[in-house]
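For reference, the structure discussed in these notes is given below.
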Amino acid sequence: MEKYSRFMMTARVAAIAVAASCAILAGSLAGAGSAHATGEIVDLMTPSDKARLGQYETARSKAFADAASAGQSAEFDAIMSGMPVDVSAADISGDWKCRTIKTGRFPEYVSYSWFRCRISDDGSGWRLEKLTGSQRMSGRFFTDSDKRMIYLGTLHYADEKPSAYPRGDQLDQVAYAVLLDDGRMRLEFPKPHLDSEFDVLELRR
């Protein structure tokens, strides 16, 4: 009876371990065709960028206050409107127009003109490139949930070639990205290294 009990306990532990392994594998494969698996980002993201994402909610709330202080609540509220939708089955590849909004520091609010962006699937997931303007960016999207992605990328200037993330310097970028119910996309950058406290990249088809 004691041997039987030990055998049943061992079998039960083994079954739980197999189930856990399957769950982890399923989570890692979720969205792998359109965006990198969540597990991959753990090793890739720098400690600095993990810390910046940890300040996301605080920085986002302050951005609304900074926009209000600058008399730009109406525009900023419109940019930040919309409900995130399931991006796991969507095709976000193609050409977009995009603009950057910066809040915090000085000046408290800046909204830039529209430029050209492109999202492509290079076989390893979705890749974003800002193609025009003096300050450009490139990077990749990683699955965070069905309705949210994490963007990791780098800034570069028009006369420079894009560099791979992570550079380990002030040109590294991290953002949460959502596809919205009105067809727009929005990337939200908490605590960017340069110029501001909270950036938004708004994308429209």
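Would you mind working out the magnitude of the charge dipole of segment 103-171 relative to its Cα centre, with +1 at each Lys and Arg C-beta and -1 at each Asp and Glu C-beta, to the nearest 20 Debye? Intermediate values should be presented prior to the final figure.
On the way: 11 positive and 9 negative charges, 17 e Å.
It comes to approximately 80 debye.
Taking the beta-carbon count within 10 Å as an exposure proxy, list GLU75, GLU57, GLU188 from fewest neighbours to most.
Numbers: GLU75 14, GLU57 10, GLU188 21.
Taking fewest neighbouring Cβ atoms as first place, the list is GLU57, GLU75, GLU188.
About the centre of its Cα atoms, segment 38-204 shows a dipole size close to 280 debye [charges on the beta carbon of Lys, Arg (+1) and Asp, Glu (-1) only; nearest 20 debye].
Residue separation times 0.36 nm, minus the C-alpha to C-alpha distance between ALA74 and SER113: what's the value? Walk me through the intermediate numbers first.
Numbers: separation 39, 0.36 × 39 = 14.04 nm, distance 1.73 nm.
Length gained, ALA74 through SER113: 12.3 nm.
Quick one: in segment 122-162, what % of C-alpha pairs are over 15 Å apart?
Roughly 46 percent, once rounded to a whole number.
For the set LYS62/LYS130; LYS97/LYS191; LYS50/LYS161; LYS62/LYS161; LYS130/LYS161, the pairs lying more than 22 angstrom apart at their alpha carbons are LYS62/LYS130; LYS97/LYS191; LYS50/LYS161; LYS62/LYS161. Computed over the alpha-carbon atoms, segment 38-204 gives an Rg to Rh ratio of 0.93, Rh here being the Kirkwood radius from the mean inverse distance.
Fewest first, what order do TRP126, TRP114 take by the number of other Cβ atoms within 10 Å? Show your work: numbers first, answer last.
Numbers: TRP126 24, TRP114 15.
So the residues, fewest neighbours to most, are TRP114, TRP126.
Taking other C-beta atoms within 10 angstrom as a stand-in for reagent exposure, TYR112, TYR165 fall in the order TYR112, TYR165, fewest first.
Every number in this text was worked out from the coordinates using simple rules, so none of it is lab data. In this text the structure is predicted, and so the values were computed from the model without any measurement. Quick reminder, even Gly has a Cβ in these numbers, built from the backbone with ideal geometry, and neighbours come from all protein chains shown.
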